[in-house]
Each structure stands twice: as structure tokens, then as C-alpha cells.
Amino acid sequence: MRDPTKSKYFKQYVALVASQHRPETIITGPVFMDVRVYRPMPKSISNSKKKKEQAEKGLLQPTTKLDIDNYVKGVKDP
């Protein structure tokens, strides 16, 4: 399989940043990964002041199911 250009550049960026924060010694135990995804606010929400305020406070969650694997694989694959 082949990565799209956009994915390829993102993975290169992740590898660069990770290499700048690598530990002095090899990790031999379990590893925990915390990935935070920030998406742009839909226009339907940004046009409503009340909904926008709720979304900014974290009270309004996305109504579509996110494909977590697609977000995380760009970090795990490099």
C-alpha cells in the first residue's frame, strides 16, 4: 500500500518531533499514548452564538462517530 502525500508528510513531521523528544535509554516497559484531536467547528454551530459557547466549553460533542484509527495511525505508523 502507498500513503497519500498528505499522510506521508504528516508521518515525517511526527517522526521528526518524536526524535526530538526521545528518551536517553530504550523503553522496555509498557507505553501509554494520549492523542488529542482538534477539529474545526462546523458552520452550523459557529453561526449560533449559544451553540458556539457550548462547544467552546466542551459541553457540545460531535454527533458523528469519529474513526479513531484514522487519527491515531498517523502517529503510530512512522
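How about the chain: which helices (runs of 4 or more DSSP H) wholly inside it have at least 3 residues that are at pLDDT 80 or above?
Here the list reads 5-20, 49-56, 68-76.
State all residues of segment 1-37 that are under 18 Å from the mean Cα position of the chain (by Cα), open to solvent by 100 Å² or more (accessible area, probe 1.4 Å) and hydroxyl-bearing (Ser, Thr, Tyr); if no residue qualifies, say none.
TYR9, TYR13
The values are calculated or read from the model by the stated rules, or taken from the named source; none is laboratory data. Nothing here was measured: the structure is a model prediction, and the numbers come from that model. Protein only, heavy atoms only, side chains kept; ligands, DNA and RNA dropped before computing areas. Shrake-Rupley method; radii C 1.70, N 1.55, O 1.52, S 1.80 Å.
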